[in-house]
Amino acid sequence: MSRILGLDLGEKRIGMAVSDELGLTAQGLETLHRKEKITDIETLNKIIQNYSVQKIVVGLPRNMDGTYGKQAESTKEFAGLLKENRGVEIVFWDERMTSISANKVLIEANISRKKRKGTTDRLAAVIILQGYLDSLRH
C-alpha cells in the first residue's frame, strides 16, 4: 500500500507526517523551514518520491465560526501547486485546534518553549494525518 503525507502549512514552517504502509498510524517527519515556494515544492517532491506518497492530507485553517480566511486561501494555492507539480491526490482536513492541541501535549510533557517551536508543527501534522486515517476506518 502507498503512504499518505500529512502537512501543516505555516508561514515559516511546514509540519510533516507520513503514514505507515498500512495506513494505520502517522509518524512525524522533520519540520521544513520555508524558503521560497519553488524550493519548498522541490523539497516536498523529494519526500513524496522517497516515501512513495500517493495522497497528501493538508490541514486547512478555518476560523472558529467555520469560515475560511486569508491563510486558507494561501494553503489552497500552495496545495494546488503541489498537485500540479506531482499529480498526487490532495485532501483538505479541518485543522482547527490542531496547533493548540499539539502545544498542550508538549507543555504537559514539560518540553521547553524553545524546543516546542519546530515540534509543534510536526505534531500538528501528525494530528491532522492521524485524524484523517482514523476517519477512513470509521
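The values are calculated or read from the model by the stated rules, or taken from the named source; none is laboratory data. Computed from a prediction, not measured in an experiment: that's the story for all the values here. Because the Cβ atoms are built from the backbone with ideal geometry, glycine has one as well, and the counts that use them run over all protein chains shown.
I'd like the residue in the stretch 43-58 that is hydrophobic (A, V, I, L, M, F, W, C) and assigned to a strand (DSSP E or B) and, out of all such residues, is farthest from the chain's Cα centre (by Cα).
My answer is Val53.
When you scan the stretch 59-74, how many residues do you find that are surrounded by fewer than 13 Cβ atoms within 10 Å (Cβ to Cβ) and assigned to a loop (DSSP other than H, G, I, E, B)? Break it down into steps so the answer makes sense when it comes.
Step one: list which residues in the stretch 59-74 are surrounded by fewer than 13 Cβ atoms within 10 Å (Cβ to Cβ), which gives 63-67, 69-70, 73.
The next check asks that each one be assigned to a loop (DSSP other than H, G, I, E, B); those that pass are 63-67, 69.
Residues that pass the stated criteria total 6.
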Original post:
Of all residues in the stretch 105-137, how many are farther than 20 Å from Val18 by Cα and either modelled with pLDDT of 90 or more or outside any helix (DSSP H, G or I) (or both)?
Top reply: 4
**OP:** Specify the residue that is nearest to Ile127 (Cα to Cα); the eligible residues are those in the stretch 59-99 that are within 13 Å of the chain's Cα centre (by Cα) and β-branched (Val, Ile, Thr).
**Re:** Thr98
**OP:** Scan the stretch 1-34 for residues that are exposed (fewer than 12 other Cβ atoms within 10 Å of the Cβ), basic (Lys, Arg) and either under 17 Å from Lys55 (Cβ atoms) or modelled with pLDDT of 95 or more (or both) and report the count.
**Re:** 0
Original post:
Limited to the stretch 93-104, what total is found for residues that are crowded, with 17+ Cβ neighbours inside 10 Å and either aliphatic (A, V, I, L, M) or at pLDDT 70 or above (or both)?
Top reply: 3
Original post:
What are the residue pairs meeting all of these: first residue in the stretch 28-39, first residue more than 11 Å from Glu11 (Cα to Cα), second residue surrounded by 19 or more Cβ atoms within 10 Å (Cβ to Cβ) and small (Gly, Ala, Ser), Cβ atoms under 6 Å, and 6 or more apart or on different chains?
Top reply: Gly28/Ala17; Thr31/Gly15
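For the stretch 1-16, enumerate the residues that are over 16 Å from Ile41 (Cα atoms) and not in a loop (DSSP other than H, G, I, E, B). Lay out the reasoning, then the answer.
Within the stretch 1-16, the subset over 16 Å from Ile41 (Cα atoms) is 1-4.
Matches in the stretch 1-16: Arg3, Ile4.
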